[in-house]
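Just below is one structure, and these are the notes that go with it.
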Amino acid sequence: MPTRALFPTLLYTAALQARGARAFNRQLLREIQQLRHDDRAGQKWSRSHYPGGFTSYASANRLQEVSPTFARLAQKLAPHVRLFCRELRLQPAHRKLVMTDCWANIMPAGVAHGLHLHPLSTLSGTYYVQTPKGAPGLKLEDPRLDRMMAAPRRSAWVLVQANAGHLVLFESWLRHEVPANSARAERVSISFNFNWF
């Protein structure tokens with residue numbers, strides 16, 4: 001074949017588990033709602049950095065270390081991360097990829113999350129807890145965008161649908177955003193990072 005794919009951008013999407021996702025998500029949702037109620041630092045940070053929504057990104061961002069339910073999530077994510085690493089050929093000797101950060105996000109109607117990436121991480125991802133009809137997916141930017149120069153116009157974005165019980169994994173350098181939530185109900189997700197130690 002004369003055409004080859006060089007430096008592809010890989011994305012991993014899958015259901016977290018074969019059965020029991022609804023019950024597990026109900027437990028996660030209860031804990032996230034309680035966290036929003038109790039986390040004063042998160043409420044304050046969200047008012048200025050995540051208007052209209054709530055995130056524990058700057059206050060409670062290692063939930064896998066303080067909650068048995070979130071620790072179970074980390075365990076359930078582990079085989080998916082291993083599979084993705086195999087596809088990416090990320091297998092350095094004598095180093096272990098571990099979850100370093102894990103935080104909750106609540107996006108009511110009209111709330112958006114601007115374009116960003118996850119520095120100081122190797123892999124990042126999102127697990128969807130609640131995705132009402134009309135809730136936005138994850139919008140990924142073509143990483144070649146600033147190098148296209150005189151290339152013909154093409155789509156610079158890919159929108160990956162958000163489905164409760166599913167996860168998305170990507171390399172942390174890939175810029176992404178979440179468009180405004182057009183659903184009436186809250187879109188609830190858990191974001192996380194993995195890094196080498």
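Every number in this text was worked out from the coordinates using simple rules, so none of it is lab data. Keep in mind the model is a prediction, meaning the values are calculated, not measured. Cβ: placed from backbone, ideal geometry, glycine included. Neighbour counts: every protein chain shown.
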Dipole magnitude of the chain about its Cα centre (Cβ charges: Lys, Arg +1; Asp, Glu -1), debye to nearest 20: 360 debye
Region 63-70 - phi-based ³J(HN,Hα) in whole Hz, Karplus 6.51/-1.76/1.60, Gly and Pro as x: 4, 5, 9, 10, 10, x, 5, 6
Estimated 222 nm signal from helices in the chain, with DSSP H stretches of n ≥ 4 weighted -39500 (n - 2.57), rounded to 500: -8500 deg cm²/dmol
Share of pairwise Cα separations in the chain, more than 22 Å, in percent: 49 percent
Contour minus Cα-Cα distance for M149 and Q161 (0.36 nm per residue): 1.4 nm
Lysine pair count for the chain [Cα-Cα under 27 Å; pairs on different chains or 8 or more apart]: 4
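For every other residue with a beta carbon closer than 9 angstrom to the beta carbon of F24, add +1 if it is Lys or Arg and -1 if Asp or Glu, then tell me the sum.
+4
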Over 21 Å [Cα-Cα, region 59-149], rounded percent: 48 percent
